[in-house]
Every structure is written in C-alpha cells, then in structure tokens.
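No lab work stands behind these numbers, since they all come straight from the coordinates. Not measured: the values here are computed from a predicted model. Here the Cβ is made from the backbone with ideal geometry for all residues, glycine too, and neighbour counts use every protein chain on show.
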C-alpha cells in the first residue's frame, strides 16, 4: 500500500473531519445518485452503490475491491474541513454517525474541485449492524433501484422506441450471435479499470464493442462503425469510426449496405435492456470481410 500523494485541493485551512467515533464499524453503500435523486445519467450510466468499507484508524480503511474480489487496506487522507481522499477517491463528508454516512463525490483536477462536467453525485452508506438489526433487511434489498429510477428509465425507453436516435446505454448490453458458420463474433471486454487510459468496467455496457469477421464475403474490407440496435433488435448504421479522406460518401454507402445485408441476415440480435426494459442502444462494430 503506497502512501497517498501530498498536496491540498484547497489552500484555506479549516478544522478537519475525524473518523474516530466510527472506527471498526463496517459500512455498506446502499445508494448512489445525482443531485436530482436519480441513479442514472441521461446517457445510461448507472451509479451503482459498491463501497464496503471499515475505518480502521484515522489514516487507514479496509475496503472491498471489485477487481480483486477481496478486502484490501487503503490510505485515508483528510485534506481540510470535510474533504478527504479515501482509497484514491476524493469525497466530501456530509454526514458521519455510527449508523450512516453520506458523502459527496468530488472530481479534483490540478488540486481544484471540478464537479461541473460530471454533475453532483452523492453516496449513502449504512452500517451493517443498522441494516440487519434496525432496518431488518439486507444491503442487496436496499441497493435495488427505487421507483423513481424505474419511472425515469421507462420514460427514456418510450422516447427511444419512437426515435431510435434517442438511444442510451443499456446496463444489460446487446447480445450478438452468429446464424452462419462463415461469420464469427467476439466481444471485447474490459477486465480492469485504467484511470490513465480513461477506461472503466462500465465501458463494457457504455461502449459494447464487437469484432466481426465474415468469410467468403464479396470483397476484402475492414470497417469500424457505430450502430444502433433498437428495441426490436433491428440494426441501424449510424456513422463510420474510420478516418476517411477519399471516397467518403461511397464508403458510407458500403458500410450501411454491410449492416443492412450481412449483419442483419447473418446475426441474431437481442436488444439491450435497462431495469428489464428493452430499448435502443449504441454498439461499436469492427467488421472485417475476407474474400476466400
């Protein structure tokens, strides 16, 4: 465990928050939402509650790692006032009691807080004892999306059904299956987040990417494109992701023809879903034709 980086996100010194009264109390995050109370971004990103954390001391926590599938120890640095860096994440402590915690997620760029681009996000955590012995329920039950999330997604699903250009990311992404042996499909998977490369596990559903190879095609080709799969599973070519300088218009027609022809007839498509509701969503497709 490497020590946290030194430095302040703000220069003004204020009394620092203390975690002393909650040492050795295990907490589980039960809700993560935007300032409007919704747990989904308009583009489909789902704010999933995932923290399981125990403050062991003023500078150390035990937190569950989704990637490593086990609890690990990480540093805590209280910067100033109620701002802290916990397990490499900047947060503002809004509430701290033996029963519950409330944090605001902070985005720090060049030691300055910048929440304008990504919006205000809030985390609610309950102690495991409070969940079990006071609420008499489970963390899994409390983590289920509330009715307001379902209403929000249902409205977006309805809009996307009338205009597939209003597609949004599906937390249960599109499934593509080959109908014929000469066409093969592999799906790219992000196995670990990489902050430097701006890659997260959520990219598996935010930008589902498929590599498709067609043998015995009419010609050799290699295209990269964005496609929408609507709520009925129909494929719609949206745009090329290739750099095109010459013959752009004719190449776009070819790509649309590949989607309307090969991909439509040779692939079984299951539309993406969010909260169990099928809807239009984007996929990225790399399709290679081999004229055998």
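Here are a few things to note about the model shown:
- Global geometry of region 20-144, whether rounded, prolate or oblate, following the gyration tensor of its Cα atoms and the 1.5 cut on a/c: oblate
- DSSP assigns beta bridges within the chain; of those with both partners inside it, close to 90 percent run antiparallel.
- Ranked by how many other Cβ atoms sit within 10 Å of their own Cβ, fewest first, the residues 221, 210, 55 fall in the order 221, 210, 55.
- Förster-model FRET efficiency, 30 Å R0, residue 60 and residue 128, C-beta, rounded to 0.05: 0.95
- Each helix, a run of at least 4 DSSP H residues, gives -39500 (n - 2.57); summed and divided by the residues of the chain, these come to -3500 deg cm²/dmol at 222 nm.
- Percent RCO, i.e. relative contact order, over the chain, from Cα pairs under 8 Å lying at least 6 residues apart: 17
- Tilt relative to the chain, helix 147-162 - C-alpha long axis, 0 to 90 degrees, to 10: 20
- Degrees, to the nearest 10: 248-258 long Cα axis against longest axis of the chain: 90
- Structure-derived semi-axes √(5λ) of the Cα gyration tensor in Å - corresponding label in [x] 44, 21, 17; [y] 39, 20, 17; [z] 34, 23, 18: [x]
- Cα-only radius of gyration and Dmax that characterise region 164-290, units Å: 14.7, 43
- Full extension of the chain between residue 216 and residue 234 yields a length gain of 4.1 nm, computed as 0.36 nm times the residue separation minus the alpha carbon distance.
- Ranked list, fewest to most other Cβ atoms within 10 Å of each Cβ, for 151, 214: 151, 214
- Ranking of 165, 41, 23 by count of other Cβ atoms within 10 Å, fewest first: 165, 23, 41
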